[in-house]
Amino acid sequence: MLTLGLLVASLTATTLLQSQVPAEAAQVAPSTSLPTTPTNASIVAMSIADLNVARSARTVDDRAAQQVAQDRRHQRRVKKQRQERRADAKAEARAARRLEIWGLPVAGAGWSAWFGESGSAWSSGYHTGQDFTAPSGTPVRAVGPGTITSARWSDAYGNIITITHPGGDESWYAHMSAFERTSGSVRAGDIIGYVGCTGNCYGNHVHLEYHPGGGDAADPLPWLRGHGAY
């Protein structure tokens, strides 16, 4: 009986030991297992993250390229505007120079009686202007820019036009056969009338007088030369 009790006790102890081994093995197994292989889900997640990074990089590059293109377009617009302003300034300067270019009242005319000549033919006792001879009907032109302030008939001067120039100087054009202009602004070279022999006249010509500041007559030639008229 003693021997049988010992055998049962031994078997019971063995069974208890065997039942504990799986639990202990289960506790040890996680620490000794190999690394896990990535799942399909984790691979997809990593790929999406990489795509997002790439897209962000492309977006930054695209924005930078757009900014560069915008800057270049702006620079081209500024350059074009600057060129247009320069062209406009040059055109205005050319127009101003054309306005400043003075000339003689009759192109290709002969010069006859001079300022200051004395004689009984003139009521003042001397010639108060410069005569330019040309066939009747030849255009008479304004010597410089100004405004026609008078177009009238005079017994001595015949058909006469007065132009007041910037600064107040006046030029008179006498003995014309007819008027082309009787008022308004004129530029140098504008036709204001035509050569004739009206009033106290000895032959077809235009009598040009220069009145500084609207005062007494003075020799017109130095005045015209000073403006580059000849």
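Worth pointing out:
- Taking the conditions (1) buried (at least 19 other Cβ atoms within 10 Å of the Cβ); (2) in a strand (DSSP E or B); (3) of a type outside the set (D, E) in turn, A188 satisfies each one other than (2).
- The requirement of being out of contact with any helix residue (DSSP H, G or I) (no Cβ under 7 Å at 6 or more places or on another chain) and within 22 Å of F115 (Cα to Cα) is not satisfied by P166.
- From A142, A151, A218, A188, residue being among the hydrophobic types (A, V, I, L, M, F, W, C) and under 20 Å from G125 (Cα atoms): A218
- Condition check for R94: farther than 30 Å from Y202 by Cα and at pLDDT 85 or above: no
- Cβ pairs under 9 Å, 6+ apart, first in the stretch 133-147 and more than 22 Å from S183 (Cβ to Cβ), second at pLDDT below 95 and crowded, with 21+ Cβ neighbours inside 10 Å: none
- Evaluated against (1) under 18 Å from I192 (Cα atoms); (2) not in a loop (DSSP other than H, G, I, E, B), A69 falls short on exactly one condition, (1).
- Condition met for F132 (surrounded by fewer than 22 Cβ atoms within 10 Å (Cβ to Cβ), within 23 Å of H165 (Cα to Cα), at pLDDT 95 or above and touching a His at 6+ places or on another chain (Cβ under 7 Å)): no
- Test: residue in the stretch 99-106 that is acidic (D, E) and touching a strand residue (DSSP E or B) at 6+ places or on another chain (Cβ under 6 Å): no
- Scan of the stretch 191-230 for residues that are part of a strand (DSSP E or B) and either more than 44 Å from the chain's Cα centre (by Cα) or among the hydroxyl-bearing types (S, T, Y) (or both), ordered by number: Y194, G196, H205, H207, Y210
- The requirement of being more than 18 Å from W102 (Cα to Cα) and either crowded, with 17+ Cβ neighbours inside 10 Å or touching a residue at least 60 places away in the same chain (Cβ under 8 Å) (or both) is not satisfied by S154.
The values are calculated or read from the model by the stated rules, or taken from the named source; none is laboratory data. What you are looking at is a predicted structure, and each value in this text was computed from that prediction instead of being measured. Using ideal geometry, Cβ is built from the backbone for each residue, glycine included, and neighbour counts are taken over all protein chains shown.
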